[in-house]
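Since every read-out is calculated from the coordinates, none of them should be taken as a lab result. Predicted, not measured: the structure shown is a model, and the values here were computed from it. As a convention, Cβ positions derive from the backbone with ideal geometry for all residues, glycine included, and neighbour counts pool all protein chains shown.
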Amino acid sequence: MRYEAPNSVEGAVALLAGATGDARVLAGGTDLLVQMRADIVDPVLIVDIKKIPETRAITEERGGWRIGAAVTGAELKEHPKLKKAWPGVIEAANLIGSTQVQGRATMGGNLCNGSPAADSVPALIAAGAVATLAGPKGKRDLPVEDVMLGPRKLALEKGEIVVSFLLPARPLRSSDAYLRFIPRTEMDIAVVGAGVSLTVDGGGIVTAARVGLGAVAARVLLVSEAAQAIVGSRLDEAAQRRLEAAAKAVCRPIDDKRGTVDFRVDVAAVLTRRAALIAYDRARSN
Amino acid sequence: MAKHHIQAHVNGDEVEFLCETEDTLLDVLRDTLHLTGSKEGCASGDCGACSVMLDGRLVCSCLVLGCEVNGGKVETIEGMAEGEELHPLQRKFLEHAALQCGICTPGVLVASKALLERNNNPTETEVRYWLAGNLCRCTGYDKIVSAVMDTAAAMRKG
């Protein structure tokens, strides 16, 4: 098993594109090392992307924020300006694993691990985040909701990596929130995760919204019907009921001991409503 | 394939070692450097028994490859006491009987030290959440939490 830690995007892409056999990108390693240990994967090549400066930086860009794919959860939490601008994204990333895991785990890895229950992904989708990819054919941008196709299936081509995410500039009175349900209080995988990002006008009317739902389908969903259900409202009772109905309507969850289909669908509605109310309060106080 | 030649600082000492790609930092610490204080509980990042500091961050050494620490700084339980002088956390753990079988203890101590270095006045909830990734099957956690809180109080008095 070969290990390489190139210091440029081009170097990483060349290694991955030229690999024969299973090549894996290593960011935080909190999923990859577990899968290697469990013999789920047995790569011939591991490309560690943490030496590439673009994957490790948090920078302001065009009024928004660019976050490197290999920035850790702990680093996100320690960035006060980013936390103020995108509290939902940061709280979602910070729900992944323990303090120890937070010291390594990254949003790039969380997305590319390809789990429908990934905590940071619904929040990134709600945020309208765009993933910047680099591959043998050059760079391209892909909305986060289009990166994952299904469990462990990504839209990335051979040799392509996620370099960073761009969280867009947003108007005044905008904010976001993420909530998940787990049977414990900490250290578990989402049974349902709901991210909501919205903008309100001076009168408290929602002018724009995005909703991301995790762990209720084969991929993390962008739920535009749920967003439409609250745009134009003050998130009153009727709007909340419409939001819940729209969230429920898209759910196609699995049924297992951690949550039945009916339970997951109900919880998706509840969490979407609560996350929307939190985002709404945050947006109004911005 | 040739082994990786890695240089790093471990508990303040410059060390060099050879490792295979698949060797974790925990494997290297225990089997190559013979620092067996860090334990392997689950080998999947769930139990925290292998907790160490890597470049100032609390991590599970079972979730880091040995070759990833080239040029890095690692701190383990072996570096916690100063010679014969126990760290205040170690003394409080003894006073409070915050350990029984001891397998989780090195990881709990390393993690607790990391917390108190950031926050010397944590609430009980903060201590419990910070240590949520350190599993203990003996104590029921209350004595661990008391020992950490008591150490913090002693540190604040100076």
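For this structure, a couple of remarks:
- Dimensions in Å of region B:4-76 - Rg and Dmax from alpha carbons: 10.7, 30
- Shielding value for A:208-216 is 0, the average number of Cβ atoms from other chains within 10 Å of each residue's Cβ.
- Placing dummy labels 7 Å off each Cα toward the beta-carbon, the span from B:Ala2 to A:Ile189 is 4.0 nm.
- 5 Å-binned pair-distance histogram of region A:178-265 (Cα, whole percent): 3, 15, 23, 22, 16, 12, 7, 3, 0, 0
- Fraction in percent of alpha-carbon pairs per bin - 10 Å, region B:88-157: 23, 63, 14, 0
- Footprinting exposure proxy for A:Lys51, A:Lys153 (fewest neighbouring C-beta atoms within 10 Å first): A:Lys153, A:Lys51
- log10 of Debye I(q)/I(0), alpha-carbon scatterers only, for the protein assembly as shown at 0.06, 0.07, 0.08 Å⁻¹: -0.27, -0.37, -0.48
- Per residue of A:70-81, other chain Cβ atoms within 10 Å of the residue Cβ number 1 on average.
- For region A:12-87 versus region A:260-274, the spacing of their alpha-carbon centroids is 31 Å.
- Packing-based exposure ordering (other Cβ within 10 Å, fewest first) of B:Asp150, A:Asp236, B:Asp31, A:Asp176: A:Asp236, B:Asp31, B:Asp150, A:Asp176
- Averaged over the residues of A:101-110, the number of partner chain Cβ atoms lying within 10 Å of the residue Cβ comes to 4.
- Chain B - Rg over Rh from alpha carbon coordinates, Kirkwood radius: 0.99
- Region A:106-207 - convex hull of alpha carbons, volume per residue in Å³: 116
- Restriction of the GluC sites (Glu not before Pro) in region B:1-101 to DSSP coil positions whose beta-carbon has at most 13 other beta-carbons within 10 angstrom yields B:Glu84.
- The value for region B:31-119 of Rg(Cα) / (2.2 N^0.38 Å) is 1.07.
- Loop GluC sites (Glu not before Pro), region A:120-226, which have at most 16 other Cβ atoms in a 10 Å radius of their Cβ (DSSP): A:Glu157, A:Glu186
- Each of B:Arg137, A:Arg184, A:Arg242 was scored by other Cβ atoms within 10 Å of its Cβ. Listed from fewest to most, they are A:Arg184, B:Arg137, A:Arg242.
- When the protein assembly as shown is described by a simple charge dipole with +1 on each Lys and Arg Cβ and -1 on each Asp and Glu Cβ, the residue from B:Met155, B:Gly107, A:Ala269 located farthest towards its positive end is A:Ala269.
- Here the Kirkwood formula puts the hydrodynamic radius of region A:2-167 at 15.7 Å, using every distinct Cα pair.
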